[in-house]
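The values are calculated or read from the model by the stated rules, or taken from the named source; none is laboratory data. It should be emphasised that the depicted structure is a prediction, and the values quoted were computed from it without experimental measurement. We place every Cβ from the backbone using ideal geometry, glycine too, and count neighbours over all the protein chains shown. Please note that ligands, DNA and RNA were not included when accessible areas were found on the heavy atoms of the full protein model with its side chains. Shrake-Rupley method; radii C 1.70, N 1.55, O 1.52, S 1.80 Å.
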Amino acid sequence: MYIPYGRQSIDEEDINAVVQVLRSDYLTTGPAVAAFEKKVADYVGAKYAVAVSNGTAALHVACLAAGIGKGDEVITTPITFAASANCVLYCGGTPVFADIDEQTYNIDPAEIKKKITSRTKALIPVHYTGQPCDMDEIMKIAREHDLLVIEDGAHALGAVYKGKRIGSIADMTCFSFHPVKPITTGEGGMIVTDNEELYRRLVLYRSHGITRDQGLMQEYQDREQNSDVPEIAAAAEMLQGDVKDPGGWYYQQLELGYNYRITDIACALGASQMNKLDGFLKRRREIAARYDEAFKNIQQIQIPRQQEGCESGWHLYMIQSLKRDRRKVFDGLRKEGIGVNVHYIPVYRHPYYQRNGYAGVCCPKAEKYYERAISLPIHPQLTEKQQDYVIDQVICEFTK
Ligand SMILES: *Cc1c(COP(=O)(O)O)cnc(C)c1O
């Protein structure tokens with residue numbers, strides 16, 4: 001028996017939804033994509049949604065839409081999956097790591113303030129484990145310094161911050177639909193926003209920077225015709241006829257975008273999974289509550305602390321080893337067939353970051369957390385019996 005830390009929950013309804021698309025006319029860029037986007041946007045309370053091929057692509061196009069480029073700094077947390085910072089590097093920008101809050105393991109707004117410079121352009125808070133960051137404080141800092149906020153909500157679809165769902169607070173929020181995440185499409189991601197301008201840029205970057213939208217072509221046309229560079233203005237002038245009266249074949253590439261499209265097959269699965277999200281979340285909360293109850297009086301274990309007024313999505317259940325060597329506990333539990341893990345190695349510790357300017361970077365609270373952290377299995381398929389086994393083994397390992 002091996003109990004993984006996370007896994008998907010797929011039922012017959014999900015399978016039928018996928019099969020239906022396979023029998024239909026569209027496998028990609030079809031109606032299932034738009035239907036899935038609407039479902040997620042409505043659920044989180046956002047105006048617009050753009051589905052993409054994975055969560056990393058979502059972060060990348062969000063950074064592109066935010067205009068991140070060379071010389072720009074973007075502040076994020078070191079306790080996250082590498083993609084939260086890599087997306088900034090893809091755009092030529094510089095990720096800057098701000099230390100975490102010891103209680104919540106989320107990025108600490110006070111640490112964000114210390115890292116702001118004249119080059120800071122955006123913030124990427126990560127709702128780590130599914131627990132919402134201190135968004136009031138983060139949005140306040142962002143407004144004061146004129147920064148865009150891109151939430152990495154890969155863990156947090158369905159999480160609630162002071163009565164608002166994650167996805168309805170910042171400028172953009174990115175989700176991932178990898179199999180261990182709150183819902184899955186196999187591979188998939190999405191960006192939600194209330195800002196129409198950002199939405200249009202996200203759509204553009206998702207598919208090569210190409211558009212057939214006459215209004216958008218005209219907008220670029222007008223801007224370029226007024227360019228100070230005579231060659232640009234002249235080139236725009238030349239295209240005027242095409243933009244005014246485009247033929248049925250006509251399209252333009254306005255930016256350097258990517259192929260980050262997602263299939264209708266994946267989106268049909270996603271829409272079907274959305275019907276079950278509340279049930280998944282309920283089950284995750286039950287599991288977390290049972291772990292809390294089982295470990296709260298074990299002094300060798302620190303259970304995860306929750307912020308008032310928030311509901312975590314409980315993507316991960318992290319404990320910290322206070323007395324025993326983490327490595328011993330980890331190896332012991334793995335040997336018993338429990339798929340414990342460590343989320344995450346501070347991003348700046350990876351060799352790529354070390355040899356690209358981060359060798360001197362150290363976030364002491366993140367380091368301390370990383371030394372002690374262990375993630376326990378939590379996912380909707382985990383049975384009570386399996387959880388009891390995990391609990392017994394964890395207590396046994398920690399009290400040896
Ligand atoms: C999973 C994850 C991502 C990336 O999502 P993919 O769909 O795997 O590309 C980004 N950030 C965090 C915090 C994640 O957990």
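Within segment 141-245, report the trypsin sites (Lys or Arg not before Pro) that DSSP leaves as loop and that have at most 14 other Cβ atoms within 10 Å.
Here the trypsin sites (Lys or Arg not before Pro) that fit, given the DSSP loop and packing criteria, are 162, 212.
Size of the dipole of segment 162-210 about the Cα centre, Lys and Arg at +1 and Asp and Glu at -1 on the beta carbon, nothing else charged, in debye to 20?
Computed charge dipole of segment 162-210: roughly 160 debye.
So what is the relative contact order for the chain, in percent, with contacts set as C-alpha pairs under 8 Å and at least six apart?
23 percent
Taking a label point 7 Å from the Cα of residue 365 along the Cα→Cβ vector, which residues of segment 89-115 have an amide N closer than 15 Å to it?
Answer for segment 89-115: 97-115.
Quick one: angle between helix 135-145 and the longest Cα principal axis of the chain, in degrees between 0 and 90, rounded to 10, please.
It is inclined by approximately 40 degrees.
Could you please put 81, 36 in sequence from largest to smallest accessible area, using a 1.4 Å probe?
Sorted by accessible area, descending: 81, 36.
Can you tell me the dipole magnitude for segment 79-203 around its Cα centre, using point charges on the Cβ only (Lys, Arg +1; Asp, Glu -1), in Debye to the nearest 20? List each step's numbers first, then the result.
Values: 13 positive and 17 negative charges, 45 e Å.
Dipole about the Cα centre, nearest 20: 220 debye.
Would you mind estimating how fast segment 1-158 diffuses translationally, via Stokes-Einstein at 37 °C and 0.692 mPa s with the Kirkwood radius over Cα pairs, in µm²/s?
Values: Rh = 17.5 Å.
Taking Rh from Cα pairs, D becomes 188 µm²/s.
Applying 1/(1 + (r/R0)^6) with R0 = 30 Å to the Cβ-Cβ distance of residue 327 and residue 13, what FRET efficiency is obtained, to the nearest 0.05?
Here the calculated transfer efficiency is 0.10.
Considering only the chain, what is the antiparallel percent among its DSSP beta bridges, to the nearest 5?
65 percent
At q = 0.07, 0.10, 0.14 Å⁻¹, what is the log10 ratio I(q)/I(0) for the chain, with the Debye formula run over Cα points and no solvent?
Values returned for q = 0.07, 0.10, 0.14 Å⁻¹ are -0.35, -0.70, -1.25.
How big is the accessible area of residue 119 in square angstrom, nearest 10, if you roll a 1.4 angstrom probe over the protein chains?
Accessible area of residue 119: about 120 Å².
Would you compute, from DSSP H runs of 4+ residues alone, the mean residue ellipticity of the chain at 222 nm, taking -39500 (n - 2.57) per run and dividing by the full residue count, rounded to the nearest 500? Kindly include the intermediate steps, with their values, before the conclusion.
Values: 14 runs with 164 residues, N = 400.
Mean residue ellipticity, 222 nm, calculated: -12500 deg cm²/dmol.
With a ≥ b ≥ c taken as the square roots of the eigenvalues of the C-alpha gyration tensor of segment 247-400, please select rounded if a/c is under 1.5 and otherwise prolate if a/b is larger than b/c or oblate if it is not?
Because a/c hits 1.5 or more and a/b fails to exceed b/c, segment 247-400 counts as oblate.
Given 0.36 nm per residue, what is the gain on full extension from residue 298 to residue 250 after removing their alpha carbon distance, in nm?
10.5 nm
Classify segment 117-275 as rounded, prolate or oblate from the Cα gyration tensor: take a ≥ b ≥ c as the square roots of its eigenvalues, call it rounded if a/c is under 1.5, otherwise prolate when a/b beats b/c and oblate if not. Mind showing how you got there, number by number?
Values: a/c = 3.12, a/b = 1.54, b/c = 2.02.
Oblate shape, in that a/c is at least 1.5 and b/c is the bigger or equal ratio.
In square angstrom, what is the accessible area per residue of the chain with a 1.4 angstrom probe?
Details: 17740 Å² over 400 residues.
Computed with neighbouring chains in place, this is 44 Å² per residue.
Put a dot 7 Å past each Cα toward the Cβ at residue 349 and residue 218; how far apart are the dots in nm?
5.5 nm
How big is the accessible area of residue 64 in square angstrom, nearest 10, if you roll a 1.4 angstrom probe over the protein chains?
Residue 64 has an accessible surface of roughly 30 Å² with all protein chains in place.
Explain nothing, just the number: dipole magnitude of segment 292-400 about its Cα centre with +1 on each Lys and Arg Cβ and -1 on each Asp and Glu Cβ, in debye rounded to the nearest 20. Could you put the intermediate results ahead of the total?
Details: 16 positive and 13 negative charges, 129 e Å.
Dipole of segment 292-400, to the nearest 20 debye: 620 debye.
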